[in-house]
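Below is one structure, written out as structure tokens; the observations come after it.
The values are calculated or read from the model by the stated rules, or taken from the named source; none is laboratory data. Bear in mind that the values here come from a model prediction, so they are computed numbers and not experimental data. Counting neighbours? That spans all protein chains shown, and the Cβs are built from the backbone with ideal geometry, glycine included.
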Amino acid sequence: MIFNLLQSTQKSRSQRCAEIAKLACENKPELSKFISDAVKLTEKLIEIAETKFDGSTFSINSLFKELPKMLSSVNFSQIILPVQSNMTETLPTMPGSHKDFVAFPNKYTFIIGKFFFFHLSSADLISF
């Protein structure tokens, strides 16, 4: 969610985002691959969002060939799609310690392979 700030025209925002990513990797080296994949995905999504289309039908596969290839890589990190259903937390309803409380109990929507898998009320599948 913050990786789009790396592309910010405000230097302080892009620098702070880079600092946060660097600190995260220093504290947990296993995050390096995830952060790298998240940055690559963010760059591709920004590229899609900034592309001007003539209103005709288009295919992601034909216009952005690197995206499906990247997403179908077996080494690509499992990234949660930041939709509202994935970001709505719950709070405990009773006082107490709540050591095993799960703030995000819903099933998550991940970008896996070359497909978006939606785990909402029904299992919809949207293919690239």
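Annotation: of all residues in segment 17-43 being more than 21 Å from Met87 (Cβ to Cβ) and of a type in the set (D, E, K, R), the one that is farthest from the chain's Cα centre (by Cα) is Glu26. For Met1, the criteria (1) within 18 Å of Pro82 (Cβ to Cβ); (2) within 17 Å of the chain's Cα centre (by Cα); (3) at pLDDT below 85; (4) surrounded by 13 or more Cβ atoms within 10 Å (Cβ to Cβ) hold in every case but one, which is (4).
Evaluate segment 70-85: report whether one residue or more is loosely packed, with under 11 Cβ neighbours inside 10 Å, β-branched (Val, Ile, Thr) and within 19 Å of the chain's Cα centre (by Cα). The answer is yes, given that some residue of segment 70-85 is loosely packed, with under 11 Cβ neighbours inside 10 Å, β-branched (Val, Ile, Thr) and within 19 Å of the chain's Cα centre (by Cα).
If you go through segment 46-72, how many residues are under 25 Å from Ser8 (Cβ atoms), free of Cβ contacts under 8 Å to residues at least 12 places away in the same chain and not small (Gly, Ala, Ser)? Residues meeting the conditions: 3. For segment 68-90, the criterion of a residue being assigned to a loop (DSSP other than H, G, I, E, B), modelled with pLDDT of 80 or more and over 27 Å from Ala18 (Cα atoms) is satisfied by at least one position. Would you confirm whether or not segment 22-39 contains a residue that is loosely packed, with under 15 Cβ neighbours inside 10 Å, over 17 Å from Lys69 (Cα atoms), touching a helix residue (DSSP H, G or I) at 6+ places or on another chain (Cβ under 6 Å) and among the small types (Gly, Ala, Ser)? Yes - at least one qualifying residue is present in segment 22-39.
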